[in-house]
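The values are calculated or read from the model by the stated rules, or taken from the named source; none is laboratory data. For clarity, every value in this text was computed on a predicted model and none was experimentally measured. Please note: Cβ atoms are built from the backbone with ideal geometry, for glycine as well, and neighbour counts cover all protein chains shown.
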Amino acid sequence: MNKALKKWLTIPLLLLFSLWIVLFYQLIFVAWTLQYSYIGVLGVIVTSLVFYFVFPKKDRNFVFRFTLFALMTSYAISGIFGYTLKWIIIDWIVFVILALILGRILIGKKVLTLFLVIMVMTGFEIWLPLDSWSTLSHFSVNYLGRLASQDPQVPSLPVTTIPDPSRPGQQMILTLQAHQPYKEEAQTLVDGLALSGSNQIEEALVEIQHSYDLVTIQPKGHGYLTNFASPNQLAGIPYSALGSSDFPFSTSHFLNINGDSRMYFTLSASPGELLSTLLSPGQTASDLANLTIQTAKNEVANWEQLTGRNAVEHQQGLTLNNGVLAGTYDHQTVHIKTDGVAILGLYRLLPKSELASPTAVVEGNNLLQVVTLPPDKPKIIATLYGSYSHPLTSDIVFADVLGNGTDQLLINTVPAQIVQLTPTGKWNVLWYSGRDSFRFESVFPQSNGDLIIANSPSLVSTSPIRYLGGYVYKNRQLVEQFRVYHGNLVNLSTVHVSAGTKPQLLMSVYDHQEVLLLGPSRIPLYDLLVGGYVLVVIIAIFRRFGRRHAG
Amino acid sequence: MKMKSTVLIISALAGGTMLLAGCGNLQSNPALMQKSVVQRSVASQGLVKIQDAINSMSSIQNYSIKAQIQEATGRSVRSVNFYGAVMLPSSTTPVQIQMDETIGGNNYSVYQNGSFAYYEDAGRWKPMTPVSDLRPWQSLSDAIAKNPPKVVYQLPDQTVVSWLCNVYQFKTVDLGSYLGHTALVKPQESLYTVWVDTTDGLLRQIEVQSTVGVPGKGTNSMSSTDLMFNYNAPNLNIGVPSSLVAQIEKP
């Protein structure tokens with residue numbers, strides 16, 4: 001190493017450089033590779049070669065080795081894993097010693113500098129694990145809850161929100177957290193439940209190790225506060241929002257333990273029963289339908305027992321019972337027979353010039369019906385059917401993607417489609433997905449056409465893996481607004497938890513038992529990273545010319 | 001020379017950036033949605049072909065399966081996976097089953113020999129109701145006989161694993177549920193797809209697709225796909241798992 005280089009790259013600059021390298025790699029190189037496959041890899045190679053060769057010959061060796069050291073460090077830290085803090089710290093210390101020895105041999109830089117690089121990287125990865133850094137390209141991470149248990153009973157944590165009574169207009173997060181058994185818990189349970197005359201003592205004891213606490217998460221000061229959810233808080237949400245994690249193969253059960261809510265799962269049918277069903281193709285569908293309806297009934301009963309309220313769904317004064325949509329709307333009685341089993345909601349599917357009120361949308365067996373509401377006489381004005389090959393489930397996002405004041409249906413059939421209701425009662429398909437794995441997730445309302453939040457596969461590769469993306473609809477195509485190359489994001493919803501009027505995105509991470517709350521980005525990180533690249537290239541060019549003149 | 005390479009570097013960068021920027025728009029493409037309808041044709045002899053395949057299955061005494069049951073409600077798609085072997089009951093041998101199952105991401109095993117039936121859950125074996133009345137092909141032909149499909153479609157031939165198969169598709173109302181619950185639903189109409197081996201005329205795969213409306217939840221779609229192989233394996237050995245023996249031996 002020469003003196004000129006040392007003059008340029010002091011320790012803080014090196015630290016900044018290492019952080020920039022890792023961010024650039026995670027947000028730009030990984031993104032290119034995932035989005036554009038081999039073309040992206042080509043881009044990565046070109047960009048890397050430019051970066052390498054733009055430096056004068058004598059710098060290259062150091063730049064190359066230091067870059068590798070930073071990247072390897074970032075990945076090594078993300079791989080440190082342990083269930084107890086003690087083991088994580090021991091792992092980390094062993095890693096630091098090895099990394100410093102390796103770094104000393106590889107780079108020859110002072111051990112202090114290398115140690116500081118490791119410290120900075122560790123700090124950032126404690127703040128946000130490396131596999132979530134990709135979200136920073138368009139969002140800031142407001143909350144990341146690692147609520148994992150060692151023995152996960154659910155593939156992903158269900159997550160929803162309820163209004164926060166202490167902050168009007170804002171919400172708090174409601175989710176599951178793996179229950180951490182504590183000493184003497186069995187005794188406490190027996191005492192508490194026996195006193196209340198509960199008949200669930202044995203169940204509660206069996207499930208201590210495998211249960212989940214229902215918790216609320218709300219912003220407090222600069223952080224977030226996790227509390228046990230009370231049955232009262234849960235009464236306002238539909239039973240399926242939290243209680244259907246492995247529906248219908250597992251049944252969720254609830255316990256009220258001294259005012260805290262606990263949840264556990266049991267199999268709805270034994271492995272033998274499921275096998276019987278499979279091996280009798282002449283009755284498979286009826287068997288499964290029976291199991292499904294039975295599980296739903298049991299879960300409703302369990303939820304009602306916990307919350308002490310009738311779980312029949314109300315949608316602005318309307319209920320649906322045995323297909324009859326009944327109740328009052330606009331002070332007038334509604335009573336009409338439909339083919340529905342569930343109310344999806346009240347949406348304005350036709351413009352005000354056609355209908356004075358929004359319509360009720362109900363869903364039945366592989367169909368969806370639109371019912372007019374007072375002052376118009378309630379009647380079914382349109383029915384949309386699914387088929388067995390492309391079933392129509394309630395996996396639908398209602399959004400005004402045209403920006404004309406009416407809602408269109410973003411339907412997650414396989415493949416997904418955008419469907420619009422016309423005044424004649426006919427359905428007009430605006431857009432079909434060309435990929436099976438594309439999914440609509442949520443929307444951010446915008447006056448000139450809502451921003452569609454979707455999980456969408458890569459462009460070139462045929463892999464079904466989906467990544468987060470933002471799109472607006474224009475002329476039979478979805479125009480890309482942003483991409484976040486984070487896979488496995490499920491249960492997405494648009495919420496208002498801690499960013500005032502700005503929409504936030506709440507989700508859970510499949511297979512990882514994490515809950516993630518993303519808010520609007522505070523800094524244009526993507527532009528800064530590209531700017532950093534340009535800056536480094538410019539500096540390198542100056543060093544070339546500086547060297548030539550000097551030489 | 002240096003100047004020249006710098007210009008080259010900058011232009012390569014600019015070109016690369018332009019190439020990668022802003023081509024992520026998704027065009028509307030109806031091809032996938034229409035595929036299932038466009039590719040099928042009415043097969044006038046389809047039902048006979050299916051019956052023949054079911055009849056020729058009577059020679060099968062044991063076989064292996066790789067199967068999946070999948071249900072989708074609202075946003076969630078959940079599945080149960082099966083992998084194992086079945087020895088159908090005969091006059092000399094009782095039914096024997098060895099099956100690994102994954103339910104909700106957790107692993108289970110099933111072992112059955114006649115009425116001796118257990119399943120393993122998290123390392124512990126528990127007794128279960130034996131799988132009885134095991135007549136997989138009869139069940140399919142009974143359903144067809146009870147409610148003969150109005151029309152049978154033929155889909156383009158497909159290769160399943162290594163067998164080239166004729167693919168037939170039909171709708172029928174099935175036999176109703178015998179899962180041991182009181183029947184909560186009427187016998188379900190389902191879409192059946194069967195794969196018939198072009199060389200030996202045996203069934204290779206059966207798919208059943210249907211939907212049911214769940215109060216408060218909406219449409220629940222159900223499908224089961226059962227791939228069958230290793231027909232009449234000569235040295236199939238479904239033995240008692242040693243962990244089951246160990247558990248039962250202990251007081």
| message | Cβ contacts < 8 Å: first residue in contact (Cβ under 8 Å) with a residue 24 or more places away in the chain, restricted to the range A:347-370; second residue crowded, with 23+ Cβ neighbours inside 10 Å and of a type in the set (D, E, K, R), any location; separation 6+ or different chain. Result? | response | A:347/A:407; A:348/A:407; A:349/A:407; A:369/A:363
| query | Say we look at the range B:19-65 and pick out the residues that are more than 11 Å from chain A (Cβ to nearest Cβ) and among the charged types (D, E, K, R); which of these is surrounded by the most Cβ atoms within 10 Å (Cβ to Cβ)? | reply | B:49
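State yes or no: is residue B:193 of a type in the set (Ser, Thr, Tyr), assigned to a loop (DSSP other than H, G, I, E, B), more than 8 Å from chain A (Cβ to nearest Cβ) and surrounded by fewer than 24 Cβ atoms within 10 Å (Cβ to Cβ)? Reasoning before the result, please.
Working: of a type in the set (Ser, Thr, Tyr): yes; assigned to a loop (DSSP other than H, G, I, E, B): no; more than 8 Å from chain A (Cβ to nearest Cβ): yes; surrounded by fewer than 24 Cβ atoms within 10 Å (Cβ to Cβ): yes.
The answer is no for residue B:193.
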| request: Report yes if some residue within the range A:282-305 is polar (S, T, N, Q), modelled with pLDDT under 90 and closer than 22 Å to residue A:231 by Cα; otherwise report no. | output: yes
| field | Unique residue being farther than 30 Å from residue B:125 by Cβ, surrounded by 14 or more Cβ atoms within 10 Å (Cβ to Cβ) and facing chain A (nearest Cβ under 7 Å) when the list is B:141, B:210 | value | B:210
| request: Would you be able to tell me the number of residues in the range A:512-524 that are among the hydrophobic types (A, V, I, L, M, F, W, C) and in a loop (DSSP other than H, G, I, E, B)? | output: 1
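Yes or no, residue by residue, for (1) under 23 Å from the mean Cα position of the chain (by Cα); (2) more than 20 Å from residue B:55 (Cα to Cα):
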| position | (1), (2) |
| --- | --- |
| B:92 | no, yes |
| B:97 | yes, yes |
| B:101 | yes, yes |
| B:108 | yes, yes |
| B:120 | yes, yes |
| B:130 | yes, yes |
| B:141 | yes, no |
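Among the residues of the range A:208-224, are any within 14 Å of chain B (Cβ to nearest Cβ), closer than 30 Å to residue B:80 by Cα and of a type in the set (Gly, Ala, Ser)? Quick ask: steps written out before the conclusion?
Keep residues of the range A:208-224 that are within 14 Å of chain B (Cβ to nearest Cβ), which gives A:209-210, A:212.
Retained after the next criterion (residues that are closer than 30 Å to residue B:80 by Cα): A:209-210, A:212.
If we keep only those that are of a type in the set (Gly, Ala, Ser) too, we end up with none.
Looking for residues that are within 14 Å of chain B (Cβ to nearest Cβ), closer than 30 Å to residue B:80 by Cα and of a type in the set (Gly, Ala, Ser), one finds none in the range A:208-224, hence no.
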| Cβ-Cβ under 9 Å pairs, at least 6 apart or on other chains, the range B:96-119 side closer than 10 Å to residue B:80 by Cα and within 7 Å of chain A (Cβ to nearest Cβ), far side of a type in the set (Val, Ile, Thr) and assigned to a strand (DSSP E or B) | B:101/B:80; B:101/B:110; B:103/B:80; B:104/B:80
| field | Among the residues listed as B:182, B:193, the single one being polar (S, T, N, Q) and at pLDDT below 90 | value | B:182
| task | Report, ordered by the first and then the second residue, all pairs with beta carbons closer than 8 Å, sequence separation of six or more or different chains, a first member in the range B:44-73 that is closer than 14 Å to residue B:195 by Cα, and a second member that is assigned to a helix (DSSP H, G or I) and small (Gly, Ala, Ser). | result | B:51/B:141; B:54/B:141
| With the range A:333-390 as the region, which strands (runs of 3 or more DSSP E) entirely inside it contain at least 1 residues that are polar (S, T, N, Q)? | A:359-364, A:367-371, A:380-385
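Go through the range A:430-446 and give me each residue that's part of a strand (DSSP E or B), within 13 Å of another protein chain (Cβ to nearest Cβ) and in contact (Cβ under 8 Å) with a residue 24 or more places away in the chain. Please lay out each step first, then the result.
Our first condition is that a residue be part of a strand (DSSP E or B); within the range A:430-446, this holds for A:430-432, A:439-444.
Filter once more, keeping what is within 13 Å of another protein chain (Cβ to nearest Cβ): A:430-432, A:439-442.
Within the range A:430-446, A:430, A:431, A:439, A:440, A:441, A:442 qualify.
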| query | Which residue, of A:467, A:533, is within 29 Å of residue A:219 (Cβ to Cβ) and not basic (Lys, Arg)? | reply | A:467
| message | Quick check on this structure: which one of B:64, B:56, B:90 is in a loop (DSSP other than H, G, I, E, B), small (Gly, Ala, Ser) and more than 21 Å from residue A:266 (Cβ to Cβ)? | response | B:90
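Can you give me the ranges of the helices (runs of 4 or more DSSP H) entirely in the range A:229-311 with at least 2 residues that are among the charged types (D, E, K, R) and within 12 Å of another protein chain (Cβ to nearest Cβ)?
On the way: elements: A:231-234, A:240-243, A:271-278, A:284-307.
By residue number, A:284-307.
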| query | residue A:21: assigned to a helix (DSSP H, G or I) and modelled with pLDDT of 90 or more, yes or no? | reply | yes
| Failed criterion for residue B:216 (all others in (1) under 22 Å from residue A:386 (Cα atoms); (2) surrounded by fewer than 16 Cβ atoms within 10 Å (Cβ to Cβ); (3) within 7 Å of another protein chain (Cβ to nearest Cβ) hold) | (2)
| message | Tell me whether the range A:109-118 contains one or more residues that are out of contact with any helix residue (DSSP H, G or I) (no Cβ under 8 Å at 6 or more places or on another chain), part of a helix (DSSP H, G or I), among the β-branched types (Val, Ile, Thr) and loosely packed, with under 15 Cβ neighbours inside 10 Å. | response | no
| message | Restricting to the range A:148-177, name every residue that is more than 14 Å from residue A:237 (Cβ to Cβ) and surrounded by fewer than 20 Cβ atoms within 10 Å (Cβ to Cβ). | response | A:148, A:149, A:150, A:151, A:152, A:155, A:165, A:166, A:167, A:168, A:169, A:170
| remark: Reported set for the range B:164-190 where residues are more than 7 Å from every other protein chain (Cβ to nearest Cβ), polar (S, T, N, Q) and assigned to a loop (DSSP other than H, G, I, E, B) is B:182
| Of all residues in the range A:385-408 being away from chain B (no Cβ under 11 Å) and surrounded by fewer than 23 Cβ atoms within 10 Å (Cβ to Cβ), which is nearest to residue A:355 (Cα to Cα)? | A:406
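Within the range A:512-529, which residues are within 14 Å of chain B (Cβ to nearest Cβ) and either closer than 28 Å to residue A:220 by Cα or under 11 Å from the mean Cα position of the chain (by Cα) (or both)?
Initially, the range A:512-529 is screened for residues within 14 Å of chain B (Cβ to nearest Cβ), giving A:512-513, A:526-527, A:529.
Across the range A:512-529, the qualifying residues are A:512, A:513.
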| Taking the range A:322-352 only, how many residues are surrounded by 12 or more Cβ atoms within 10 Å (Cβ to Cβ) and within 14 Å of another protein chain (Cβ to nearest Cβ)? | 11
